[in-house]
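Note sheet for the following structure.
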Amino acid sequence: MINRGYCINYLLALMVILTLNFMLPRLMPGDPLQAIYGDEAMIAMTPELKEELISRYSLDLTQAGQFRAYIGSLLRGDLGYSYYYNVPVAAVLLGSFPWTALLVGLALCISTGLGLFLGIESGYRRGRTVDRLLLGGFMWISGLPDFFVGMLLLLIFGVTLGLVPLAGAVTPYTGQGWAPALIDGLRHLALPLASLVLARLTATYLLARNTMITTMGEPFIMTARSKGCSGPAVRYRHAGRNSLLPVVTAAGLQLSHLITGALFVEIVFSYPGMGALMYNALLTRDYPLLQGILLLSAVTVLTVNLLVDLLYKRIDPRVAYAH
Amino acid sequence: MTGRLYGILLIIALAVSLVVPLAGCGGQKEKGTQAENTYTVADATGDWGFPSPYAHYFRGPGYIRMSLIFDTLLWKNEKEYIPALAKSWEYNAGENSYTFSLVENATWHDGSKFTARDVVFTIDYTKMHPYQGVSAGVVKKAEALGDYRVKMYLDRPYAPFLEYIGGTLPILPEHIWKDVGSPEKFQQEKALVGTGPFILEDYSKEQGSYLYRANREYYQGKPAVDRIRFVKMGSQVMAAALRQKQASAAQVPPELGGALDEEGFFILAGKHDWVAKLMINHQREPLNKKEFRQALAFAIDRQALVGTCLRGHGLPGSPGLIPPDSPWYNAAVENQYPHSPERAALLIKGLGYEKKGNFFEKNGRALELELLVSGGGQGSPGAPGDREGEMIKGQLEKVGLKVSLRSLESKTLDSRVAEGQYDIALGGHGGLGGDPEMLNRMILDKGFNSARYQDSQELNLALKQQLTLMDRESRRELVGKVQEIYAREMPALPLYYPTWYWAHDGRAPLYYTLQGVGSGVPIPLNKMAFVNQND
Amino acid sequence: MHINYWGEIKRDSLGRAGMGTLVVLALLAIGAPIVSQYQPAEYTGAIFQPPSSQYWLGTNDVGQDIWAQLLYGARTSLLIGSGAALLSTFFSVLAGGMAAVLGGFGDRVLMRAVDALIAVPPVIVAILAAAYFRPGASMLIILLSAFLWPGGARLIRSQALSVKERMHIAAARTFGSSWPYLIRRHIIPDLGPVLTAILVLNFRRAVFMEAGLSFLGVADPTVISWGKMMQQALKFSYLEVWKWWLLPAGAALSMTIAALTFTGFALEKAINPRLKK
């Protein structure tokens, strides 16, 4: 299915995104020198230091020169050197990415799986008590932003009950064996994960339920029923498959926000992820790091799209004709 | 069939509640570290960079983390200069030079001996590779007189010398740094060889954590704790972390000071080093008129700002910029601008404005000012935001000045102010507790925090001169005069100084340092609070 | 199609509950000056007061009455939420529907544009927009819609693609129906459930985003909204005040969302006859 048109398509998108990556940070008012050093009253910004910083950050080059340098080093696989952190961008990204991937990836899997299942069950039993209870409950949860849920969970389980750690992804400097470390990591993960799952579950649930309801009216369901198919078979083999399409799209969409989507939850729980990293990079106008983060997020979006497009055809063969 | 559904739901319920047992196994506490006497400091930001002199982020907390490893020539406690790598120093007025006698029993963490050559090397090296905190440019020449004496010749009389070169510049080991070309990229274990009381064991950028172990050979005495660690915590949970003994010391929100005090924690109220200012674009009409700026000072009720927006945890701004608890404060400026809408209105009328309805206007054109605020509230605690903006707007409109409020992301606001694209704006900066050289930076320099005011010859001259007075008393007098001129010219209006609080469990006698750690870091983590100097 | 929307809603108990809540909320928002004796920006002089007969929900960090803020905040949140939800859903239908109908090259171009828009974190665009435009209610609605539509567009497209191939549409096409007719009479009604979901979702995201923008400091500082209340209350979560400051704002928001969804469900039945029993 992957032909040349497809490749050109994605290459074009990538080029546009690269240009945007370069331009967007530089369009923002304020420059890195000011953003990183301007705030601190105690810094001795002598002309020599200023000059040295400008040349270190290659701010003495023209925009075109900087763009050429950016593309050139990208082709060599070099993401540049972070202004603020004083280390290669790749190292900064590698440090934060696994934590975000763990947190958001897990949250996405759980919320999609659970939402799909509950949505199908609920849609199948439309109008009955279970459906109404689930629906009402989810409506309430969905009205709460993730940072709100996170703060609430933190206040209850962390501060008041003292059941879980208050911040971070691991307890620093306890390190004995992998089992305690794993448990420690999971304990830190519990609350941020729960808030993300709660925040995202409703969307999936609603989508699955809605499409389920639409599908349940289709003639082929009637056929399946009259054939004497069992309840679960009708729900999952026949009707559920139709709910899969929008749910997978939605999951793919959420995956595109993998990189920066957990910003607020990461801030509430001081979790070391990409969202918090990007926020700091924005505040310090750290161009190379911002470019790195944007690139990573763009590549994620494109990859996810490709996968979703391919998945479509597996899930719903009719779509293949649409291309 | 419904039965099956409930079965399935039950399974989900079980799966979801998996989180709870996980959460429940909080039984095993970190035992090893507790017995070993570890001191934990909680911090909201966490990562302040690799703690070498060149690689840490140049903010106060970054300097603190570096200062545990690297020593300076002299140091400060809460009231005076104390010896560090130099056991004594003297000023030779005749040739404008300083002589330092160095300690003879200091060693680098790798075992090499510390000598005068390291000091000379540091001066030369920082001239080539500017150090962010202080500039060594004022030292014309540094020479070693034997192994343990150093003489530095200054190229001009420079009053903050001891504070900056003596007490802020970290001394680097020559044998390690002599071949280092890009010091900010030099981030290996070797880059952390210092002479200080602690040695870094681990640093994690992602987790924002640092672990130090005591340097038992420290020449000023054995450290009183075996380990110091810094961990990252959200500011909302600081108090809980202290109560749950996850942290020994942390900066806490003002409202919690009282409660923590009753629970037996020690509360340290900080000096008022951070000032919130109303930046005034004195290049624009009518803000270029001294009288108009004075009218703003009369119109804004600084006490009400402290009472309402800071809930009393702060001091109203002194018109002379220097806070009342500084040794350099001039009390004569104190009552220059009491809150008085009448006097403000009078001054504005004096500039030819007429009140039509509620607001002033001139030649049919309404007088309207745009007030820029940064709405995020992500800066220092007590930094002015939209709350303060709304209040100031209300106060100015009561006088008859129409104000439109505009909220911007903080760095956007900074760049607007830097480029002069504003009328009035809320900003602020720290460092007022440090050497009064800060006045020059905040009045004359080009940064966006500075008033960038050069219109008063008298002020320019006094500021330049105060840097050259080596005698503290006469310098104090001149700094007092600077405050009087500043209050009269009013290039930027000091609004208030927020009070910051630290709480700690008393295991180490934390204190605020005279004029701040190094060149003015207002954090009570002076490394000497962790060292038993009597041993 | 003659549909008695009101009748449909009245017949459904969830719909009645939803519609009732919405009406009450709207009335409270409009009648805010009558229901509360304070102005939202008024400094009462008493800070962090617990709820009492004088201050129904207590006061906040600068001594403003929280009940008054909640009422006036409803105006902003309802206006911005519904404005952005409607506008962005309109964009989504336009783009998603067009992509699905056009297919081929047009589809690809549109979808790649959507990708590019999704890849750019909203935070950056928000900062840019705030730097060059003056934030106001209409600016905010447009800005939020610009962030919100790409997600919906993809959902619409995927649903429309499958609807397009359904039997009755194919049948209508063989009878020579024009595309506009098809979209109006068949595709949009079939998309009903997804549309409702997107509308509600976008409303919710718009209100959250508005809170997020004030978190970053790029919202209009003089206008109070629920999102902003939450953002301000979060700073004081270490005090007891969150119980009567953070919670009511969150509860009001979730109540609105729930009411909207319920109403949406009832309406859906009206739009999509096949859902009737």
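The values are calculated or read from the model by the stated rules, or taken from the named source; none is laboratory data. For clarity, every value in this text was computed on a predicted model and none was experimentally measured. Quick reminder, even Gly has a Cβ in these numbers, built from the backbone with ideal geometry, and neighbours come from all protein chains shown. Side chains are part of the model used for accessible areas, which takes the heavy atoms of the whole protein and leaves out ligands, DNA and RNA. Shrake-Rupley method; radii C 1.70, N 1.55, O 1.52, S 1.80 Å.
Below are the figures for this structure:
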read-out: Matching residues in segment B:452-472 - criterion: being closer than 20 Å to B:G433 by Cβ and part of a helix (DSSP H, G or I); value: B:L463, B:Q466, B:R472
read-out: Pick from segment B:415-436, criterion open to solvent by 20 Å² or more (accessible area, probe 1.4 Å) and of a type in the set (D, E, K, R), ranking: nearest to the other protein chains (Cβ to nearest Cβ); value: B:R416
read-out: B:L514 part of a loop (DSSP other than H, G, I, E, B) and open to solvent by 10 Å² or more (accessible area, probe 1.4 Å); value: yes
read-out: Failed item in (1) surrounded by 18 or more Cβ atoms within 10 Å (Cβ to Cβ); (2) under 20 Å from the mean Cα position of the chain (by Cα), with A:P32 passing the rest; value: (2)
read-out: Filter result (out of contact with any helix residue (DSSP H, G or I) (no Cβ under 6 Å at 6 or more places or on another chain) and open to solvent by 10 Å² or more (accessible area, probe 1.4 Å)) within segment B:113-131; value: B:K113, B:T115, B:V120, B:D124, B:M128
read-out: Of residues in segment B:146-166 being touching a strand residue (DSSP E or B) at 6+ places or on another chain (Cβ under 6 Å) and either open to solvent by 10 Å² or more (accessible area, probe 1.4 Å) or of a type in the set (G, A, S) (or both), the one nearest to B:G434 (Cα to Cα); value: B:G166
read-out: So A:P272, is it open to solvent by less than 20 Å² (accessible area, probe 1.4 Å) and either of a type outside the set (S, T, N, Q) or out of contact with any Gly (no Cβ under 6 Å at 6 or more places or on another chain) (or both); value: yes
read-out: Condition check for C:W244: modelled with pLDDT of 85 or more, more than 9 Å from every other protein chain (Cβ to nearest Cβ) and within 17 Å of the chain's Cα centre (by Cα); value: no
read-out: Qualifying residue in segment B:171-183 (condition: farther than 30 Å from B:N96 by Cβ and within 11 Å of chain A (Cβ to nearest Cβ)); value: yes
read-out: Matching residues, segment B:394-413, being at the interface with chain C (Cβ under 8 Å from one of its Cβ atoms), among the aliphatic types (A, V, I, L, M) and either in a helix (DSSP H, G or I) or farther than 13 Å from B:P384 by Cα (or both); value: B:L405
read-out: Selection status of B:L493, farther than 30 Å from A:P25 by Cα, open to solvent by less than 30 Å² (accessible area, probe 1.4 Å), assigned to a strand (DSSP E or B) and assigned by TED's automatic domain parsing to the domain that holds B:H282; value: yes
read-out: Conditions (1) under 30 Å from B:L514 (Cβ atoms); (2) without any contact (Cβ under 8 Å) to a residue 60 or more places away in the chain; (3) among the polar types (S, T, N, Q): number failed by B:T195; value: (2)
read-out: Leading residue by the ranking (modelled with the highest pLDDT) among those in segment C:60-91 that are within 18 Å of C:G250 (Cβ to Cβ) and β-branched (V, I, T); value: C:I66
read-out: Residues of segment B:196-221 satisfying the condition of being open to solvent by less than 40 Å² (accessible area, probe 1.4 Å), touching a strand residue (DSSP E or B) at 6+ places or on another chain (Cβ under 7 Å) and part of a loop (DSSP other than H, G, I, E, B); value: B:P197, B:Q207, B:G208, B:N215, B:Y218, B:Q220, B:G221
read-out: Cβ-Cβ under 6 Å pairs, at least 6 apart or on other chains, segment A:124-145 side facing chain C (nearest Cβ under 10 Å) and closer than 16 Å to C:G250 by Cβ, far side in a helix (DSSP H, G or I) and open to solvent by 10 Å² or more (accessible area, probe 1.4 Å); value: A:I141/A:L198; A:P145/C:F208
read-out: Selection within segment B:280-314 - touching a residue at least 12 places away in the same chain (Cβ under 8 Å) and open to solvent by 50 Å² or more (accessible area, probe 1.4 Å); value: B:Q283, B:R284, B:K289, B:K290, B:E291, B:Q303
read-out: Failed item, numbered, when A:L114 is tested on (1) surrounded by fewer than 21 Cβ atoms within 10 Å (Cβ to Cβ); (2) at pLDDT below 80; value: (2)
read-out: Residue among C:L94, C:L78, C:L87 that alone is surrounded by fewer than 18 Cβ atoms within 10 Å (Cβ to Cβ) and either aliphatic (A, V, I, L, M) or part of a strand (DSSP E or B) (or both); value: C:L94
read-out: Residue match in segment C:189-200 (condition: closer than 21 Å to A:S243 by Cβ, in a helix (DSSP H, G or I) and among the small types (G, A, S)); value: yes
read-out: Matching residues in segment B:75-123 - criterion: being within 24 Å of B:H175 (Cα to Cα) and out of contact with any strand residue (DSSP E or B) (no Cβ under 7 Å at 6 or more places or on another chain); value: B:E104, B:N105, B:A106, B:W108, B:D110, B:G111, B:S112, B:T115, B:D118, B:F121, B:T122
read-out: Sole exception among (1) within 14 Å of chain A (Cβ to nearest Cβ); (2) open to solvent by 10 Å² or more (accessible area, probe 1.4 Å); (3) closer than 25 Å to B:G320 by Cα for B:L439, by number; value: (2)
read-out: Selected residue (only one of C:S53, C:S36 is open to solvent by 40 Å² or more (accessible area, probe 1.4 Å), hydroxyl-bearing (S, T, Y) and over 18 Å from the mean Cα position of the chain (by Cα)); value: C:S53
read-out: Selection status of B:V333, within 14 Å of chain C (Cβ to nearest Cβ), touching a helix residue (DSSP H, G or I) at 6+ places or on another chain (Cβ under 6 Å) and surrounded by 17 or more Cβ atoms within 10 Å (Cβ to Cβ); value: no
read-out: Test: residue in segment A:151-173 that is at the interface with chain C (Cβ under 9 Å from one of its Cβ atoms), out of contact with any Ser or Thr (no Cβ under 9 Å at 6 or more places or on another chain) and part of a loop (DSSP other than H, G, I, E, B); value: no
read-out: Set C:L213, C:L234: member being more than 23 Å from A:L166 (Cα to Cα) and at the interface with chain B (Cβ under 10 Å from one of its Cβ atoms); value: C:L213
read-out: Test: residue in segment A:305-314 that is crowded, with 23+ Cβ neighbours inside 10 Å and either within 9 Å of chain C (Cβ to nearest Cβ) or aromatic (F, W, Y) (or both); value: yes
read-out: Residues (within 12 Å of another protein chain (Cβ to nearest Cβ), open to solvent by less than 20 Å² (accessible area, probe 1.4 Å) and either among the hydrophobic types (A, V, I, L, M, F, W, C) or without any contact (Cβ under 8 Å) to a residue 60 or more places away in the chain (or both)) located in segment A:88-106; value: A:V92, A:L93
